[in-house]
Protein chains: 2
Amino acid sequence: MRPFSFNQATAKYWPLVDVVKGCEAAGVRYVGLWREPVEEYGLARSAQLVRDAGLTVTSLCRGGFFGADDWFDDNRRALDECAELGAPALVLVCGGLFGRPLVEARARVAAGLEALAPHALDVGVTLAVEPMHPMFAADRSVVASLAGALELCAPFPAAAVGITLDTYHVWWDEQVLPLIEANGDRIASFQLADWVVPLPADVLVGRGLPGTGHVDFAPLVKAVLAAGYDRPIEVEVFNEELWQRRGEDVLRDTIAAYESVMGMASSTG
Amino acid sequence: MRPFSFNQATAKYWPLVDVVKGCEAAGVRYVGLWREPVEEYGLARSAQLVRDAGLTVTSLCRGGFFGADDWFDDNRRALDECAELGAPALVLVCGGLFGRPLVEARARVAAGLEALAPHALDVGVTLAVEPMHPMFAADRSVVASLAGALELCAPFPAAAVGITLDTYHVWWDEQVLPLIEANGDRIASFQLADWVVPLPADVLVGRGLPGTGHVDFAPLVKAVLAAGYDRPIEVEVFNEELWQRRGEDVLRDTIAAYESVMGMASSTG
């Protein structure tokens with residue numbers, strides 16, 4: 001089975017030092033990290049902490065928000081943080097409209113990638129554009145489909161600009177399977193989360209552990225692996241109820257959900 | 001300016017007879033109707049009512065829900081209702097997963113269209129597949145993008161199977177403008193509504209009158225008209241606050257919103 005990586009956002013309030021200890025204890029060798037907890041613990045200390053525990057960082061969240069004033073410096077800094085942590089991919093949440101028409105907001109994303117790509121290549125970290133669910137298009141990411149994200153990647157080598165593919169954001173898309181098949185080299189990070197209905201009042205935090213919702217994981221997982229994706233697979237779930245539980249319990253349930261979904265993906269024809 | 005059609009769902013609790021009187025008084029010549037209020041007033045009586053007022057029905061909502069047990073009879077009946085009302089298009093909300101994997105649920109929609117297309121041609125009413133916003137993919141429509149909807153239309157003549165294009169559902173889509181340009185003959189109904197953030201607790205009823213949200217209407221309206229769409233344009237807004245207001249006031253504000261947005265669309269280059 002493809003190795004599992006625990007994205008720390010799944011246990012949002014679990015301190016980094018406990019996430020690392022918990023992963024070590026559970027035999028998990030990969031983690032996805034977020035910038036805020038890393039900054040809080042200290043960048044160099046965090047890098048040392050994960051290294052000492054034998055963990056590998058699979059991604060860092062998040063850069064992007066190209067409509068913000070400080071986007072260039074902030075994203076450049078985020079790339080440097082990835083390099084120090086050994087994370088191969090910086091997850092990009094590209095930002096919403098920022099008061100601009102859609103087409104202009106998208107053009108700013110394209111220009112932002114162009115400005116950052118050389119530094120990404122220099123430090124050996126991929127800018128991993130995350131196509132987000134279209135319900136976030138106004139306020140979080142004008143990149144709202146895999147097709148749109150791939151269009152943004154096209155001018156750059158895959159080492160500079162790729163994709164973060166999260167099942168939660170793309171599961172509904174009629175085109176996602178053929179696009180994965182044709183663009184395996186672009187997938188820099190693959191994340192699993194499930195779509196649960198009814199949506200909660202705050203739609204940002206109503207995702208489910210894999211297997212608890214409506215996503216048909218098997219075809220997506222098989223397509224990504226068949227397209228040549230050879231990195232660990234993250235589970236990243238934003239869920240208010242999950243966040244109220246003990247980190248160890250969340251990690252245990254996340255591993256179980258991962259193994260169950262991956263087992264189904266490998267057993268279906 | 002292209003004629004305006006008032007979709008009665010915008011004033012959900014306004015009785016049909018008052019909708020018709022209100023439209024007459026306001027000089028509105030087109031209405032989009034829903035099956036429940038038509039049934040309540042009586043089909044033949046409703047047809048007579050709108051005819052006597054000199055109104056033309058631009059669409060009837062809704063058929064679809066192909067996962068339901070009675071889908072065939074219900075959709076056939078809805079086509080007959082359209083014919084009696086003189087509505088050229090039956091809006092199809094195609095239904096969610098109904099417990100099936102996505103690909104199977106979509107195959108049922110395709111099979112449903114195939115079963116219904118002959119009757120649609122017989123009665124001269126277009127089955128107008130509505131691509132819905134992907135946040136409804138699990139529970140309301142597995143047809144979640146214009147590309148996916150067009151794929152479903154492809155086997156049939158445009159007179160039998162076409163598209164209901166609602167700005168609320170497709171505004172975020174990177175591919176929507178070129179797809180409109182290439183498929184003008186498929187657009188059987190064009191509806192305007194705006195995307196407002198934050199989303200309300202019940203995401204179904206948080207749409208906005210055109211101009212109150214984040215949709216960039218001008219490029220969409222221009223693309224649809226340039227592609228040859230020659231019918232009236234409906235405004236259809238599901239909004240809990242709007243529904244609490246007097247029907248006459250809602251109609252007045254809807255006309256004003258329509259004229260403002262259409263004015264902007266015709267004045268921009």
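The values are calculated or read from the model by the stated rules, or taken from the named source; none is laboratory data. Note that the structure is predicted; figures quoted are calculated from it, not measured. Virtual Cβ from ideal backbone geometry, glycine too; neighbours counted across all protein chains shown. We work out accessible area using only protein heavy atoms, side chains counted, and drop any ligands, DNA or RNA first. Shrake-Rupley method; radii C 1.70, N 1.55, O 1.52, S 1.80 Å.
What lysines sit close enough to residue A:21 to cross-link, taking a C-alpha to C-alpha distance under 28 Å and skipping anything fewer than 8 places away on the same chain?
A:12
Measuring with a 1.4 Å probe in the full set of protein chains, what accessible area per residue, in whole Å², belongs to chain A?
38
Can you check what the Kirkwood hydrodynamic radius comes to for the range A:120-177, Cα pairs only, in Å to one decimal?
Mean inverse Cα-Cα distance, inverted, gives 11.8 Å.
Heavy atoms only, 1.4 Å probe, whole protein assembly: order A:240, B:174, B:40 by accessible area, highest first.
B:40, A:240, B:174
Only Cα pairs under 8 Å and at least 6 apart count here; give the relative contact order of the range B:4-267 as a rounded whole percent.
19
For the range A:135-269, state what percent of all Cα-Cα pairs lands in each successive 5 Å bin, counting from 0 Å until the bin that includes the largest distance.
2, 10, 19, 22, 20, 14, 9, 3, 0
Whole angstrom only: what separates the Cα centroid of the range B:235-269 from the Cα centroid of the range A:216-269?
Each part reduced to its Cα centre gives a spacing of 45 Å.
Go through B:243, A:71 and list them by solvent-accessible area, largest first, probe radius 1.4 Å.
A:71, B:243
When the accessible area of the range A:173-269 is computed with all protein chains present and a 1.4 Å probe, what percentage of it is carbon and sulfur?
Using a 1.4 Å probe with all protein chains present, the range A:173-269 comes out at 53 percent carbon and sulfur.
Which value, in Å² and to the nearest 10, is the accessible area of residue B:98 when all protein chains are kept and the probe is 1.4 Å?
90
For the interface of B with A, what's the total buried accessible surface in square angstrom, probe 1.4 angstrom, rounded to the nearest hundred?
Interface area, both chains combined: 2300 Å², rounded to the nearest 100.
Work out which helices of chain A, taken as complete DSSP H runs, extend at least 20 Å along their axis over the Cα atoms and score a mean Kyte-Doolittle of -0.5 or more, then list them.
Those that clear 20 Å and a mean of -0.5 are A:102-123, A:247-267.
Report the net charge of residues surrounding residue B:205, where surrounding means a beta-carbon distance below 15 angstrom and charges are Lys +1, Arg +1, Asp -1, Glu -1.
Around residue B:205, the charge tally is -3.
Grab the beta carbon distance between residue A:104 and residue B:103, set R0 = 35 Å, and tell me the FRET efficiency rounded to 0.05.
0.45
Considering the range A:58-185, what Rg and Dmax in Å follow from its alpha-carbon atoms?
Radius of gyration, then largest Cα-Cα span, for the range A:58-185: 13.5, 38 Å.
If you take the Cα Rg of chain A and divide it by 2.2 N^0.38 Å, with N the number of residues, what do you get?
With N residues counted in chain A, Rg over 2.2 N^0.38 Å equals 0.93.
When the expected Rg is taken as 2.2 N^0.38 Å, what fraction or multiple of it is the alpha-carbon Rg of the range B:1-75?
1.18
Which value, in Å² and to the nearest 10, is the accessible area of residue A:179 when all protein chains are kept and the probe is 1.4 Å?
40
Diagonalise the Cα gyration tensor of the protein assembly as shown and give the resulting equivalent ellipsoid semi-axes, square root of 5 times each eigenvalue, largest first, whole Å.
Those come to 46, 24, 20 Å.
Taking the Cβ of residue A:5 as the centre, find all other residues whose Cβ is under 12 Å away and add up their charges (Lys, Arg: +1; Asp, Glu: -1).
Taking every Cβ under 12 Å from that of residue A:5, the sum is +1.
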